[in-house]
Number of protein chains: 2
Amino acid sequence: MKITNLLYQILAYAFFIQTLFPQEITGFLPQNVGTHIEWERKFLSLPKAGNCEKHLFILTEEPHPAGSEASDKVVKYIDSVFKSYGLTSKVFEYWAYLPYPEEVSLELIQPEVVKFELKETTWLWDKDTYDDNIFTFYNAYSPDGVVEGQVVYVNYGLPEDYKKLKELGVDVKGKIVIARYGKSFRGVKAKVAEENGALGLIIYSDPMDDGYMKGDVYPRGPWRPEEAVQRGSIYYMFEYPGDPLTPGYPALKDAKRISPESAKSLPKIPTMPVSYKIAKKILENLSGMNVPEGWQGGLPFAYHVGPGPAKVKMKIKSDWKVRRIQNVVAELKGFVEPEKKIILGNHHDAWVYGAVDPNSGTSVMLETARTLSELVKSGWKPKRSILFCAWDAEEYGLIGSTEWVEENLKDLSENAIVYVNIDAAVSGKNFNAISVPSLDNFIQEVIKNVNDPESGNSIFYEMWLKQNKENGKKYNPDSAKVKIGRLGSGSDYTAFLDYAGIPSIDLSFSGNYGVYHSQLDNFYWMKNFGDPSFKYHETMVKIVGLILMRLSSCDYLPFDYFNYAIEIEKYINDIDSIFSEELKSANLNLSGLKDKVSKLKDLTMELKEKQKMLLQIETQKIERKFTPKEGLWNRNWYKHRIYAPGYYQGYGYQSLPGITEALSFGNFEVAKNEIKLLEKILDDVNSYLQNLLKTKSGNK
Amino acid sequence: MKITNLLYQILAYAFFIQTLFPQEITGFLPQNVGTHIEWERKFLSLPKAGNCEKHLFILTEEPHPAGSEASDKVVKYIDSVFKSYGLTSKVFEYWAYLPYPEEVSLELIQPEVVKFELKETTWLWDKDTYDDNIFTFYNAYSPDGVVEGQVVYVNYGLPEDYKKLKELGVDVKGKIVIARYGKSFRGVKAKVAEENGALGLIIYSDPMDDGYMKGDVYPRGPWRPEEAVQRGSIYYMFEYPGDPLTPGYPALKDAKRISPESAKSLPKIPTMPVSYKIAKKILENLSGMNVPEGWQGGLPFAYHVGPGPAKVKMKIKSDWKVRRIQNVVAELKGFVEPEKKIILGNHHDAWVYGAVDPNSGTSVMLETARTLSELVKSGWKPKRSILFCAWDAEEYGLIGSTEWVEENLKDLSENAIVYVNIDAAVSGKNFNAISVPSLDNFIQEVIKNVNDPESGNSIFYEMWLKQNKENGKKYNPDSAKVKIGRLGSGSDYTAFLDYAGIPSIDLSFSGNYGVYHSQLDNFYWMKNFGDPSFKYHETMVKIVGLILMRLSSCDYLPFDYFNYAIEIEKYINDIDSIFSEELKSANLNLSGLKDKVSKLKDLTMELKEKQKMLLQIETQKIERKFTPKEGLWNRNWYKHRIYAPGYYQGYGYQSLPGITEALSFGNFEVAKNEIKLLEKILDDVNSYLQNLLKTKSGNK
């Protein structure tokens, strides 16, 4: 017993010593690190799993798609919770063109007649599965129409899948294509089907991708059961996100609206999602050739491409209306530069209940708001303001966030430091972060200071372990790095990064999330499979809280642009090797870009070395320089020249999209201009940095 | 019309010119190449697909397992066909211990009671599926017994699968394990299950491995339907092949026999095969943990490891008897050295009808016998004899061939040049060859001279294309090589190579062979899926014929031992890198081996350069030096020190098995001796070569 006591005393002493020699935190001057760490330690004791659970329970009470009455209740709840913490909270209204399903039907009419029921199963233990207001099997923004035709299986419906079909001699013109979910955004599947001449599109969830081939299905496990459908928008977000009728400007009540016919972002062929129970009935009635390698899914027969004999008739009719949507924005005011803002955001609308997507993020946001408010009440004085934003109509097309960014572009451009997104924040235990390269190191530092609630190891270590599990590497705490991904699209950071040029981060704990956009993404699922103890919600509050605390309190901004420069250099070299023939034939060369990025590396390295002496320098604005006024040649709304969502991916990112897409579409004149433009951008950044370093070097 | 005629004349002329400047053929002196090529050209016009089809139809008339009455009819047919071609044909009888199924049953007794029907489906269009003499679901040599227990799923039943289960805390002691076919020989699965303490073993064909996940199942396609079972022997062939009761000596009628109890090659736990229809019922009733990554098969639910709740009761009772087996051996006598022999072999016994396995090979052999006999009648005079051997009881444990090799060891050792095996010769269109390294180049030369019947390209080019399809290499006829595999076990070359040290080759055209060892491996399947036109049978006759013609007529033997030396060097280096720690800790080193193999490379290179001047040198005997009298430490019957079937693989080969297996089992004393032994072997080969090159160099 004595020995145990002694051991505790030694441990306590070691802990005390550690507080005397605090770690380094990028962004803080050595003399301020200790105080900040004390505040962080206080903060880390505040988040409560139980609060997240309570919020989630309330937020997921009813199906609440954007524009619905239930959504209005959610808005009022969020607003009242913010206010109860003493924050200034405000509701921003926009008016967006949102279709609701009115009549959707699908029939197999050959080789036998089957009228499919477009409703998920009810389960006795879960009253949520009985609600009458659950949307049917619906892909929002599908045009109205009745189409009938033989079916062709197109795998994931990617451009290369159609190319393969052409090689096999299979033409989809006049056919109804059936594609499985996965690999690309569903709107891209609709676009590619349209380009290939299909009459209509059916999208289904194959058991290979999120059903029984992954693990046990609901109710035995978390994966998608045979009748659970993935709803979702097929909005052409790769053209522009936000309200279809007000591209590039805020959808205020009295805004001038374009006609739906002229909206480039509206899909052109009838599209609907089905479960794999329905897909099975269609796919097992396809003949024609056997599918190419890699196309076989998890249904228990050999897949064929068709066409036919399966023939289907689908009907889609929506109630098309301009509906009110509402963002809730709450502010925790900064004490030194209140106009400068760190923005935390997530949407609140859901296709059905949305326990994971989006409400896990919303409950994390509410608990973060509470804990940081309490910290302020205890005396913490962040220099900069923190905004908590609950966006509406993300599911339809990132509408709430996009309209707000379009409305507040000037202020954001001047004052926004970083945007942090926490959509679908918790569906399991695996931490993921994606961001711009300048924030890689910042994120890694943060997650070294938050522990995994199960293992007790740092989130950083757990992430390292998962990324290096296979190759048997040894963990070296001094040199270990984790891979931070890059931002494509599919959530509300899009307008911030791609349109306004604000450095962004997206965070989540992912898991065996087989119920995405089905009625089963509800409280019961979260409580039984996703995060039963809500400890990963609590942990996400800690991570998000530390990020907001550091960014709002730091002495200098912790961006690492040298890392950004290295990535840009890599992207340039990638183009050089992938498009070497095109570049040669078009007489284009990248040597100008290479020189400039090499200079950028030198300057950003110098910036990095001197950053501690360069207080109050607004290095966040470097990112703005990547978003010139001229948009991308093939989708004008998108401005960012280092990243855009890949045109034919939707979720994934495309590096140097202007040059890359021009080259891959063979548009060499545009490629030339885009190379020039990027040269100009790099020149601008370089002279900005040169001036900065010259002017401020005297400050030593 | 005129122009076409002219074109034909030009082509004919080009052909004529080509005959004037014939290609080089390794094994032939320049002055003899032309004549030989003329004979080859004559030969290539003789094989007829229709003859192969006719033989196959007759050979597959009834189920004919070894020792059965139907098998006797097959023997008589083969013997009479050989005789009708004017060959000397002789039947060799042996008496082997062969069990027949007497009573086999399987019941699910928990969570519900299901008595499984152990019979494949009947199909109206195929009378073969109605035969009463088809063996039930049977793994020959399973011990008799009744066992009952909860079930555990063990994936492929490899040692690493059980290791994984142990890590998960799942013990198979006292349980009945269910393993899927694939990755290892089924006898190895039984051995590993026994070693791990399982009560019994069920082996099933997962649809992932040869069912609907591969393509359409019978009758729509060639793959395994849900009720088709893979029968097969679980004989511990890795201990020794051949009759269990006469290890290492011929099973003549009055031979002294050991007791079954003392036969190391007899399995110890009840084992039976089932279809995936039955396996589904068992596997879907397993709970316990979800399976590890890579263990999920193609049945439409998430697999669990168990144990239970599924509980089964299996009963196996065999009719154990010493039965007569019969090899048919026909001879085409050589004209110069008739005692020297090239041996072509394949078994004739089948689990059921055996259209692919083995009769495609037998019909090829019969047509090869006919065409070569005709050639002799036209005046072709091979120097050496050719033997055509139809082995019995291969399916039980390579028994017919093994007993014959054991009986004729002295003569074979002295006179056998090469053994060529053509078991399961045609199940599709993809050519495969495996051999000892000294025959790689020989095989490649041959298949450059036979064309694929569909594409018209050479078999060599087609094989190169398949092996290099993915990596986008360009075909260069001068430097292109194809990969020839190495011999493990699973067919009748085993006794020839591993016991007698005779250079061997195994050939096949493989395809979508989903009916292996089921009743559906019958004439209907071959005619509809395997080789409907029998053109690939005909092509195999051409390949085999050229091989036999070249080996029986060549001026010097076309072995390339330099290639063998290179492979041996690679294997030594592999051991050095894989077992570096073990070698160090046991104070063993491979430098002696490395020196000797380096010398071997020099000498074999010299041999290769001078081979044209070294006629009548019996270089086939170099292979014999790899098979010393002392067998491998852990399975004495196996003598070859460069290759053996991997102890825990069965079909796959293990290079340098003596050293490798000693090291991997941690038996360092044995490893030391095995290193010494291999040094001695290499020394022997080196001095043999030195003498040879010294003595004969004067011959120039």
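Couple of notes before you dig in:
- Put simply, when B:207-219, A:562-574 are sorted by average Cβ atoms within 10 angstrom per residue, most first, you get B:207-219, A:562-574.
- Number of partner chain Cβ atoms within 10 Å, mean per residue of B:287-298: 2
- Where labels lie 7 Å past Cα in the beta-carbon direction, separation of B:S455 and A:E606 in nm: 6.0 nm
- Distance between segment B:423-502 and segment A:188-202 - C-alpha centres, whole angstrom: 45 Å
- Averaged over B:215-225, number of beta-carbon atoms from partner chains that fall within 10 Å: 2
- Only one residue of A:A425, A:M526, A:F562 has its Cα farthest out toward the positive end of the dipole of chain A, where Lys and Arg carry +1 and Asp and Glu -1 on Cβ, and that residue is A:F562.
- Assigned charges on the beta-carbon of Lys, Arg, Asp, Glu; segment A:97-322 dipole about Cα centre (debye): 420 debye
- Span-like helix check, chain A: qualifying full DSSP H segments, with Cα axial length of 20 Å or more and mean Kyte-Doolittle of 1.0 or more, are A:2-20.
- Per-peptide average of other Cβ atoms within 10 Å, ordering B:410-421, B:515-526 highest first: B:515-526, B:410-421
- Mean partner shielding of peptide B:302-310, defined as the number of other chain Cβ atoms within 10 Å of each residue Cβ, is 2.
- Above-threshold pairs, the threshold being 32 Å between Cα atoms, out of B:K83/B:K625; B:K54/B:K625; A:K341/A:K639; A:K214/A:K601; B:K164/B:K481: B:K83/B:K625; B:K54/B:K625; A:K214/A:K601; B:K164/B:K481
- For segment B:561-698, the fraction of C-alpha pairs more than 23 angstrom apart is 35%.
- Across segment A:295-302, rounded Karplus estimates of 3J(HN,Hα) from the backbone phi angles (6.51 cos²θ - 1.76 cosθ + 1.60, θ = phi - 60°) give 8, 5, x, x, 6, x, 7, 7 Hz, Gly and Pro being marked x.
- Net lengthening on full extension, B:W320/B:E582 (0.36 nm per residue, minus Cα-Cα): 89.8 nm
- Segment B:K469-B:K173, length gained on full extension (0.36 nm per residue, minus Cα span): 101.9 nm
- Candidate cross-link partners of A:K599 among the aspartates and glutamates, defined by an alpha-carbon separation under 18 Å and a same-chain spacing of 8 or more, comprise A:D560, A:E567, A:E569, A:E609, A:E623, A:E679, A:D683, A:D684.
- Computed E for B:K268/B:V114 - FRET, C-beta separation, R0 25 angstrom, nearest 0.05: 0.35
- Descending Cα extents along the principal axes, segment B:97-322, whole Å: 55, 49, 31
- Scattering from the protein assembly as shown was approximated by placing one identical point on each alpha carbon and applying the Debye formula without solvent; log10 I(q)/I(0) at 0.06, 0.07 1/Å stands at -0.71, -0.93.
- Rounded if a/c under 1.5, otherwise prolate or oblate - segment B:258-354, Cα gyration tensor axes: prolate
- Sparsely packed loop sites in segment A:97-163 (the GluC sites (Glu not before Pro) outside DSSP H, G, I, E and B with at most 12 other Cβ atoms within 10 Å) comprise A:E112.
- Rounded to whole Å, the principal axis extents of the Cα atoms in chain A read 78, 71, 59, largest first.
- Amide H partners (placed H, <5 Å) of A:S504, local residues excluded: A:Y419, A:V436
- Inter-label distance, nm, simple model (7 Å from Cα along the C-beta direction), B:E24/A:K76: 9.4 nm
- Amide hydrogen proximity for B:Y153: with H placed 1.01 Å from N in the peptide plane, the residues at 5 or more positions away or on another chain lying under 5 Å are B:I178, B:G306.
- Among the listed pairs B:K115/B:K173; B:K377/B:K542; A:K76/A:K317; B:K115/B:K311, a Cα-Cα separation exceeding 21 Å is found for B:K115/B:K173; A:K76/A:K317.
- Cross-link pairs exceeding 26 Å in C-alpha to C-alpha distance, out of A:K448/B:K163; A:K483/A:K535; B:K448/B:K610, comprise A:K448/B:K163.
- Approximate spin-label separation A:K256-A:N636, in nm, with each point projected 7 Å along Cα-to-Cβ: 1.3 nm
- Total charge dipole magnitude, chain A, about the Cα centre, Cβ charges on Lys, Arg, Asp, Glu only, Debye to nearest 20: 1360 debye
Readers should treat all values here as calculations from the given coordinates under stated rules, not as data from a laboratory. Bear in mind that the values here come from a model prediction, so they are computed numbers and not experimental data. Heads up, the Cβs are rebuilt from the backbone with ideal geometry, glycines too, and the neighbour counts pull from every protein chain shown.
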